[in-house]
Each structure stands twice: as C-alpha cells, then as structure tokens.
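Visitor: One structure is given below, represented as structure tokens, and several questions about it will come after.
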Amino acid sequence: MSMTVNAEGQPIGEPLPDWTVRPRPPRTPMRGRRCRIEPLCVDVHARDLFQAFTENGREPLWTYLPYGPFKELPEFQGWMERSCLGDDPLFHAIVDAQSGKSVGFVAFSRITPAVGVIELSHVVFAPSLQKTPMATEAVYLMLCRAFDELGYRRCEWKCDSLNAPSRRAAERLGFTFEGLFRKAIVYKQRSRDTAWYAIVDSDWPALKAAFEAWLSPENFNENGAQRVSLAAIRAGG
C-alpha cells in the first residue's frame, strides 16, 4: 500500500474526503434467528434478567463489573432505573426468541459519532446464555448495527485484564488485542488494568462472513454441537 504524504512530504493518515458524522444508535430492536436485541426496559426485562442472573447464586457473574451482585429484585430494579435508561451507555436486553425470556444485556457506550467509534460494553450473559450460539448471534447483531446500519469505523471491547473469559470471548469473536492500559480504573476498591480490543470497518466484511457461516443451521449437528469452530472458519477451515 502506498503511503499518503502531504505537500511537504510528511506521512499523514488516509484521506477521508467524504466522511460525515455517523448517526447515533436508534432505540429499535435487532432480530436474529435465535434472539432479538431490544432497548432495556425495567418493567419488561428486569424480573426475567434477575431470575436468570441469580440462578444458583452466580455471584462470580459480577466479579469484574463495577456493580452487583444484587440480592433482591427491587435492588436490581433500582440500579437499572438509575444506570440503564440513558443514551450512553445505551443498554439492550437479549431476549431468547424461543422462550421470550430475557437472558442477558449488552450496551453501546462511548458513542462518538463525529469519528465513528463505538464500544460494546456491559456484556452480562446469564449462565443459560453463556457459550451458546445465541450469545454469538447477539454480538453479531450489535456489530451489524454498528458497521452495516450506522457506518461506524471502529467498535471496541474493553475488560479487566484479569477477566480471562471476557478476553477469550473477544478473541474468539474476532476482536484484535490492541494493548494494556495500566492502572486505568479503580472499582470495588481495587485497581484495574484494562485490556483493549477492537474491530475496525476493514476487518468487518471477512468477520461478518465468518459469523454468518458459523451461525448457519448447517453448521450444527442434530445435537446442537458445532461442526466447525468460528476460529476455524475465519482461518479458512
């Protein structure tokens, strides 16, 4: 690829003469084969989410988050009312298309339309959702909105550097590790180093094709087990 330079011969970034400010995410549902993603509503989603999140106690669900665990439904509802109804972060419930039950939430945050950057954050999956095709489809739907519908250039994923499950998920889903921000946050009276991951728009076409091949019903046997992993599909397997 040839280098772009200015009139003085200095290297500069790729010109974007047609760039325009991107729209903010709308409060409209996203629908897939296995789930739908819809703006979070306390009256509609809180009870299902609380039941799903507190299955068998599940306090480890909240270890790497600045909130939780929640002992009672009113406590959870109060937190949702205070923290989850704004425009940034813009929280969404993940609803099982078959049962109609809410089984997780995810948000768009650090939404920066002027430069086309957005983050997937507050990714909390109930035990019943974790490591399922529905979980992968939920992220796929959010990425489709960010890149295809809204035309963002970059989608970020950040987590505590010690949160091994979140880091594995980011890598499995095709996010590229970009670095460690040391002592970035203090939460729950402890220090956090933050691991940064991202997908950019030039990554997205190949990642989208891999998601769609993996999510295809033909990729699962009669017992629901995958035939080919997402990583193998990306690698051309």
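The values are calculated or read from the model by the stated rules, or taken from the named source; none is laboratory data. No experiment lies behind these values; they were computed from the predicted model shown. As a convention, Cβ positions derive from the backbone with ideal geometry for all residues, glycine included, and neighbour counts pool all protein chains shown. Accessible surface areas use protein heavy atoms only, side chains included; no ligands, DNA or RNA. Shrake-Rupley method; radii C 1.70, N 1.55, O 1.52, S 1.80 Å.
Visitor: Taking the range 185-199, which residues are out of contact with any Asp or Glu (no Cβ under 7 Å at 6 or more places or on another chain), open to solvent by 20 Å² or more (accessible area, probe 1.4 Å) and under 18 Å from Arg168 (Cβ atoms)?
Guide: Residue satisfying the conditions is Asp193 alone.
Visitor: Give the number of residues within the range 20-29 that are free of Cβ contacts under 8 Å to residues at least 24 places away in the same chain and open to solvent by 50 Å² or more (accessible area, probe 1.4 Å). Full working, then the answer.
Guide: Looking only at the range 20-29, we keep the residues that are free of Cβ contacts under 8 Å to residues at least 24 places away in the same chain, and these are 20, 26, 28-29.
Filter once more, so that each one left must be open to solvent by 50 Å² or more (accessible area, probe 1.4 Å): 20, 28-29.
Residues that pass the stated criteria total 3.
Visitor: Also, quick follow-up: Filter the range 30-89 down to the residues that are surrounded by fewer than 17 Cβ atoms within 10 Å (Cβ to Cβ) and aromatic (Phe, Trp, Tyr), then identify the one that is farthest from Thr194 (Cα to Cα).
Guide: Among those that are surrounded by fewer than 17 Cβ atoms within 10 Å (Cβ to Cβ) and aromatic (Phe, Trp, Tyr), it is Trp79.
Visitor: Leu150 - would you say it is buried (at least 18 other Cβ atoms within 10 Å of the Cβ) and in contact with a Gly (Cβ under 9 Å, 6 or more places away or on another chain)? Step through it out loud before you land on a result.
Guide: Working: buried (at least 18 other Cβ atoms within 10 Å of the Cβ): yes; in contact with a Gly (Cβ under 9 Å, 6 or more places away or on another chain): yes.
Judged against the criteria, Leu150 is a match.
Visitor: How do the strands (runs of 3 or more DSSP E) wholly within the range 77-146 filter down when requiring 3 or more residues that are touching a residue at least 40 places away in the same chain (Cβ under 8 Å) and touching an Asp or Glu at 6+ places or on another chain (Cβ under 7 Å): which remain?
Guide: Values: elements: 90-96, 102-112, 117-125.
Qualifying strands (runs of 3 or more DSSP E): 90-96, 102-112.
Visitor: Okay, next question. Can you tell me which residues in the range 163-215 are part of a loop (DSSP other than H, G, I, E, B), under 30 Å from Thr63 (Cα atoms) and in contact (Cβ under 8 Å) with a residue 12 or more places away in the chain? Reasoning before the result, please.
Guide: Step one: of the range 163-215, the residues part of a loop (DSSP other than H, G, I, E, B) are 163, 173-175, 188-189, 201-203.
Now narrow it down to the ones that are under 30 Å from Thr63 (Cα atoms): 163, 173-175, 188-189.
Of everything in the range 163-215, those that are part of a loop (DSSP other than H, G, I, E, B), under 30 Å from Thr63 (Cα atoms) and in contact (Cβ under 8 Å) with a residue 12 or more places away in the chain turn out to be Asn163, Leu173, Gly174, Phe175, Lys188.
Visitor: Filter the range 217-226 down to the residues that are surrounded by 12 or more Cβ atoms within 10 Å (Cβ to Cβ) and not in a helix (DSSP H, G or I), then identify the one that is farthest from the chain's Cα centre (by Cα). Walk me through how you get there before you give the answer.
Guide: Of all residues in the range 217-226, those surrounded by 12 or more Cβ atoms within 10 Å (Cβ to Cβ) come to 219-220, 226.
Imposing the further condition that a residue be not in a helix (DSSP H, G or I) reduces the set to 220, 226.
Details: Phe220: 23, Gln226: 22 Å.
Of everything passing the filter in the range 217-226, Phe220 is farthest from the chain's Cα centre (by Cα).
Visitor: Turning to a different aspect of this structure: When the residues of the range 115-134 are filtered to those that are hydrophobic (A, V, I, L, M, F, W, C) and open to solvent by 10 Å² or more (accessible area, probe 1.4 Å), which remaining residue is farthest from the chain's Cα centre (by Cα)?
Guide: Taking the range 115-134 as the starting set, the residues that turn out to be hydrophobic (A, V, I, L, M, F, W, C) are 115, 117-118, 120, 123-126, 129, 134.
In the following step, the residues that additionally are open to solvent by 10 Å² or more (accessible area, probe 1.4 Å) were identified as 115, 117, 123, 125, 134.
Values: Val115: 19, Val117: 13, Val123: 6, Phe125: 11, Met134: 13 Å.
Only one residue fits best here, namely Val115.
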